[in-house]
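The values are calculated or read from the model by the stated rules, or taken from the named source; none is laboratory data. Values in this document were obtained by computation on a predicted structure and should not be read as measured data. Backbone-built Cβ (ideal geometry, glycine too); neighbour counts: all protein chains shown.
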Amino acid sequence: MNAERGRVVVQDYDPAWPVTFEELRRVILPAVSDIAHAVEHVGSTSVPGLAAKPIIDMDVVVDAGDVPLAVSRLESVGYEHRGDLGVPGREAFRSPPDRPRHHLYVCRSGGEALANHLAVRDHLRANPMEAAEYGRLKKSLAEEFANDVAGYVQAKTRFLLSILQRVGFDPSTLSDIERINRRD
């Protein structure tokens, strides 16, 4: 991959991304198959035609009571648990170095973190013109914030919040998402 750690690189859509997701899913699923409702491909690499950082985002969806078990099982197959990283209802993991670059999360079924990921993904999949607009924005921001991941995330937040507002997220939830993505 052409993304250096700590550097923002956005590239045109790669049709290999869904294939990579499925390969990663096949490794993860056996560890959580009896407790996971789904393993979802989320983030920009999950939207056909959308420019993205070449890093697969994945959500393992479990009931709230199964989160500790999911964490333990994913650790047993090489993932390093990193906590919620400030996002309630979502547990983050560092992926093993021998696998394609990806972000893995355990998300509580029905939680805001999962709802956010799915709403943005589904909206952009259903609205290719808006996905193209978002891709252009991401490329521009990647140039502006090439060495500033936090700045890049914060700069694209307004676009994402506008999607979530239009699909019906309440003002309190939008405020929480904006706070999480705000640069400190």
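Can you find a residue in segment 61-72 that is within 21 Å of F159 (Cβ to Cβ) and under 17 Å from the mean Cα position of the chain (by Cα)? No, segment 61-72 contains no residue that is within 21 Å of F159 (Cβ to Cβ) and under 17 Å from the mean Cα position of the chain (by Cα).
For A142, which of the numbered conditions (1) crowded, with 19+ Cβ neighbours inside 10 Å; (2) modelled with pLDDT under 95; (3) of a type outside the set (S, T, Y) fails to hold? All conditions are met except number (2). Taking the conditions (1) closer than 22 Å to E91 by Cβ; (2) buried (at least 16 other Cβ atoms within 10 Å of the Cβ); (3) in contact with a Gly (Cβ under 7 Å, 6 or more places away or on another chain) in turn, V149 satisfies each one other than (2). Checked against the criterion of being under 14 Å from the mean Cα position of the chain (by Cα), of a type in the set (G, A, S) and either buried (at least 20 other Cβ atoms within 10 Å of the Cβ) or at positive phi (or both), the candidates G83, G89 yield just one match: G89. Considered as a group, the residues in segment 56-80 that are outside any helix (DSSP H, G or I) and β-branched (V, I, T) include one that is surrounded by the fewest Cβ atoms within 10 Å (Cβ to Cβ), and that residue is V77. Against the definition (closer than 18 Å to S46 by Cβ, in contact with a Gly (Cβ under 9 Å, 6 or more places away or on another chain), in a helix (DSSP H, G or I) and of a type in the set (K, R)), how does R121 come out, yes or no? Yes; evaluated as a whole, the condition is true for this residue.
Going by the structure shown, is R136 within 28 Å of H81 (Cβ to Cβ), among the charged types (D, E, K, R) and part of a helix (DSSP H, G or I)? Against the criterion (within 28 Å of H81 (Cβ to Cβ), among the charged types (D, E, K, R) and part of a helix (DSSP H, G or I)), R136 does not qualify.
Pairing each residue of segment 57-74 that is within 10 Å of A36 (Cα to Cα) with any residue that is of a type in the set (V, I, T) and not in a strand (DSSP E or B), provided the two are 6+ apart or on different chains, yields C-beta distances under 8 Å for V60/I28; V60/V32; V62/V32; V62/I35; D63/I35; D66/I35; A70/V32; A70/I35.
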